[in-house]
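The values are calculated or read from the model by the stated rules, or taken from the named source; none is laboratory data. This one's a predicted model, so the numbers in the text were calculated from it and none came from an experiment. When we count neighbours, we look across all protein chains shown, and the Cβ atoms used for this are built from the backbone with ideal geometry, even at glycine.
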Amino acid sequence: MFILRKTLLNPSTKIPSSPFHFSSRFFSNETNFYPFTKTPKRFDTDIPTSAFYDKLIDEAGRSRDHTTLYRLLNKRYKDGCFNTSKTFKFLTETNAHFNTDLDDLVHIICKVDKGFARKNAFDCLITCLCKSDCVNESVRVIESMIEKEVGVNAVTFWPLLNTLTRKRRIDEAWGVVEKMREYNVCVDITAYNFILMGHCFEGDMKKAVEVLEKILEQGLKVDTRTYDALVMGACRAGKVEGALLLLRKMEEEGVRVLYCTHVHVITSLLGMGCFKLSFEFVMAFAGRDKALDKENFGFLLNCLIKRRRVEEAKLVFFEMEDRGLAMGEKLKKEYEGLLLGEFPTKNRNKKSSLTLE
């Protein structure tokens, strides 16, 4: 563990009482564009938002109003309100006619203005389907995009790879990668990172190294997510020193370290019962970034409280106070609760056997 010690690491406007009254900018040249089925919330109709469009599209989708869906998908892009992960939630939440509705929706999106508006709508639809674990349906949408020459790229496949690797369906994820090559889509570092993360989550570093070799063979440059996956994999495989070496390499190469990358190491050290080393690890990075300090010290304190490590929790708490790091009310209350239960009546003379002195 000697490596650790060397580690450096606008006010809203009221909507008129009539539900059919919209500003000229919002639905220009259209009257009674979409009738609300419910009393509308207070929106500033001069400044449309993505959330506002999502609400309209959701209602149009549930009522299967295809004409309105088409107009809304076009209009929101012109108003600078891009699609979100909630845009097509009506499709997965209403399963009565799922396949028919999906085919209809694909047909509608194919008529949306060419370019980013159409591509973004398809990408968001795929994301929505993948979040509901509709993998086969996502593939159908991608095939429709290719058939209609929408402009499929690596981003289109990211949600699919993410879903498959999270479900530990790595072989299927590799099949998607092969499909990307078949469609002449560049397999980027993010696509490989999804598969790498799948292996690293299982602590299978042998497979992870094979993926890393493929990345280097393709001439791709590893990024912060690549390192994050490798650090997590090393920690899950019980190779904490290897994780620390990776962190040092990230610093040497100027690669930004994610908060979650630190969490992997802290969690691993605590899991091994190395409470002192977990504190030393956090201290090794302290003072460089206040936001990072807040995350690291706060996470460590929370873990120590859950493990009822009174003395160690005190040390971390006082360190946070000395550094002026903000603590949430919930964390403070949990810490106070730990102190109140520090010496129950039946164990009043019992003290913590481990200190950080």
Quiz item: So which helices (runs of 4 or more DSSP H) stay within region 287-347 end to end and still have 1 or more residues that are over 30 Å from the mean Cα position of the chain (by Cα)?
Solution: 310-322, 329-340
Quiz item: What do you reckon, is Lys38 in a loop (DSSP other than H, G, I, E, B) and either modelled with pLDDT of 90 or more or among the basic types (Lys, Arg) (or both)?
Solution: yes
Self-check item: region 174-195, residues that are over 19 Å from the mean Cα position of the chain (by Cα) and not in a helix (DSSP H, G or I)
Solution: Tyr183, Asn184, Val185, Cys186, Val187
Self-check item: Check on Trp158, out of contact with any strand residue (DSSP E or B) (no Cβ under 6 Å at 6 or more places or on another chain), surrounded by fewer than 22 Cβ atoms within 10 Å (Cβ to Cβ), in a helix (DSSP H, G or I) and outside the structural domain of Met197 (by TED's automatic domain parsing)
Solution: yes
Quiz item: Which condition number does Ala121 fail, the rest of (1) buried (at least 22 other Cβ atoms within 10 Å of the Cβ); (2) closer than 26 Å to Ala229 by Cα being met?
Solution: (2)
Quiz item: What about Asp171, is it closer than 28 Å to Val152 by Cα, assigned to a helix (DSSP H, G or I) and out of contact with any helix residue (DSSP H, G or I) (no Cβ under 8 Å at 6 or more places or on another chain)?
Solution: yes
Quiz item: Does region 189-205 contain any residue that is closer than 30 Å to Lys78 by Cα and not small (Gly, Ala, Ser)?
Solution: yes
Self-check item: Residue within region 130-137 that is farther than 21 Å from Leu161 by Cβ and surrounded by fewer than 15 Cβ atoms within 10 Å (Cβ to Cβ) present
Solution: no
Quiz item: Pairs under 7 Å by beta carbon, first residue closer than 21 Å to Asp113 by Cβ in region 49-74, partner of a type in the set (D, E, K, R) and part of a loop (DSSP other than H, G, I, E, B), six or more apart or different chains?
Solution: Asp54/Lys86; Asn74/Asp113
Quiz prompt | Selection from region 55-69 of residues that are within 29 Å of the chain's Cα centre (by Cα) and either surrounded by 16 or more Cβ atoms within 10 Å (Cβ to Cβ) or of a type in the set (A, V, I, L, M, F, W, C) (or both) | solution = Lys55, Leu56, Ile57, Asp58, Glu59, Ala60, Gly61, Leu69
Self-check item: Pick from region 294-337, criterion touching a helix residue (DSSP H, G or I) at 6+ places or on another chain (Cβ under 7 Å) and among the aromatic types (Phe, Trp, Tyr), ranking: farthest from His262 (Cα to Cα)
Solution: Tyr335
Quiz item: From the residues in region 250-270 that are modelled with pLDDT under 95 and of a type outside the set (A, V, I, L, M, F, W, C), which one is nearest to Phe201 (Cα to Cα)?
Solution: Arg256
